[in-house]
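Data block below; observations after.
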Amino acid sequence: MTKIVQIITSLALACSSLCAFADEITLRAQHPERHVVVKGDTLWDISAKFLKNPWQWPQIWQINRENIKNPHWIYPGDVIVLDTSSGKPVLKLVREAINLEPGVIVTPIKADAIPAIQPNAILPFLTRPILVTADELKNAPRIIAAEEERQILSPGTHIYVQALPQTPQPVWAIYREGEPVKDPGNGEILGIEAHYLGEARLLRPGQPATLNITQVKEEIVVKDKLVAIEDELTQTYIPHAPENQIIGQIARISDGINETGSGRVVVLNRGAYDGLERGHVLSILRKGASVTDPESDPEHPVTLQLPDEPVGLVMVFKTFPKLSYALVMQVSQSVHVEDIVRTP
């Protein structure tokens, strides 16, 4: 058998929708000429091997993201080649095919396509309703009783839920009201953090409906509330800069801590109402301190504002009206609540 190489060139026209600030492509000083895709790679990781700014991935791949519904066409065994023959860097995909006989070409069966980012980092935040609005909390279905009048509910217990919608949704998350998430700037309550307790599966619809508790993370009691578990695992995330200038802050860090690092989830005080969408990459900056000019008159001190310092990058992976979940992609120092986020 002989092998032939099938070169897959650029998939679409250049992504002209990005603003001028994102047009200049900067390659890493030690970038490779090619990369063989292996299991565990992500689009972000591969782009970071070639690019100083991995969020410029749609440009170097020349993707018009408005026309791409599922960009997961890269598989283990594929070869990524950097082409600069046109004067601009372009990544191309090289695949091998097997020639069985003249006129018959079979492309090897591929393993799972590689994702934009590692999905396990964000899985709980996609399938479990961690953030809810005040209205969602007020109107959420609630546990009104359990079989044999049990007060502490364990796996296998039947529960009775009032106000469960008449939908085919089979699995529900059980939660309890947690801490409000406030805007660091003005103190406005933007949402409420739902405290995840476990899961239940619908047995019989009705008012009340009957469900069976399948998982328990923490103690579940009567009056706890339910919300449908979403299935967003098949959604894609194309890292790209927002088209407009967006400025916000980190309102909360998962688990309620005050600082974090790479690979952790943060809550931003900007959401869909502000134009954020899945895949948007924002810079993180530490607000510069105000200092007194040491050469100024002590009786008339002059205050100077130091510049904001870049800390890292976050990528939005889920939006709410006024809030967003974002994954810290890379950092040069720890990330704090109230750090600034803005269009890179």
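Annotations for the structure displayed:
Here's the yes/no breakdown for (1) touching a Gly at 6+ places or on another chain (Cβ under 7 Å); (2) at pLDDT below 85:
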{"site": "Pro168", "(1), (2)": "no, yes"}
{"site": "Lys182", "(1), (2)": "no, no"}
{"site": "Leu197", "(1), (2)": "no, no"}
{"site": "Ile220", "(1), (2)": "yes, no"}
{"site": "Gln235", "(1), (2)": "no, yes"}
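- Pairs where the first residue, in the range 295-310, is under 18 Å from Ile247 (Cα atoms) and the second is open to solvent by 80 Å² or more (accessible area, probe 1.4 Å) and in a loop (DSSP other than H, G, I, E, B), C-beta under 7 Å, 6+ apart: Asp308/Lys287
- Selection status of Gly187, closer than 19 Å to Thr133 by Cα, of a type outside the set (A, V, I, L, M) and out of contact with any strand residue (DSSP E or B) (no Cβ under 9 Å at 6 or more places or on another chain): yes
- Pick from the range 32-41, criterion assigned to a loop (DSSP other than H, G, I, E, B) and open to solvent by less than 50 Å² (accessible area, probe 1.4 Å), ranking: modelled with the lowest pLDDT: Gly40
- Selection from the range 138-173 of residues that are aliphatic (A, V, I, L, M) and under 19 Å from Lys217 (Cβ atoms): Ala140, Ile143, Ala146, Ile152, Leu153, Ile159, Val161, Val171, Ala173
- Pairing residues of the range 169-194 that are under 19 Å from Lys322 (Cβ atoms) and in contact (Cβ under 8 Å) with a residue 60 or more places away in the chain with residues that are in a loop (DSSP other than H, G, I, E, B) and of a type in the set (Lys, Arg), at Cβ distances under 6 Å and at least 6 apart in sequence or on separate chains, gives Leu190/Lys322.
- Scanning the range 285-318 for residues that are touching an Asp or Glu at 6+ places or on another chain (Cβ under 8 Å) and in a strand (DSSP E or B), we see that the one that is most open to solvent (accessible area, probe 1.4 Å) is Thr303.
The values are calculated or read from the model by the stated rules, or taken from the named source; none is laboratory data. Everything numeric in this text was worked out from a predicted model, so none of it was measured. Methodologically, a virtual Cβ is constructed for each residue, glycine included, from the backbone with ideal geometry; neighbour enumeration extends over all protein chains shown. Ligands, DNA and RNA are stripped out before the accessible areas are found, and what is left, the full protein with its side chains, is counted by its heavy atoms. Shrake-Rupley method; radii C 1.70, N 1.55, O 1.52, S 1.80 Å.
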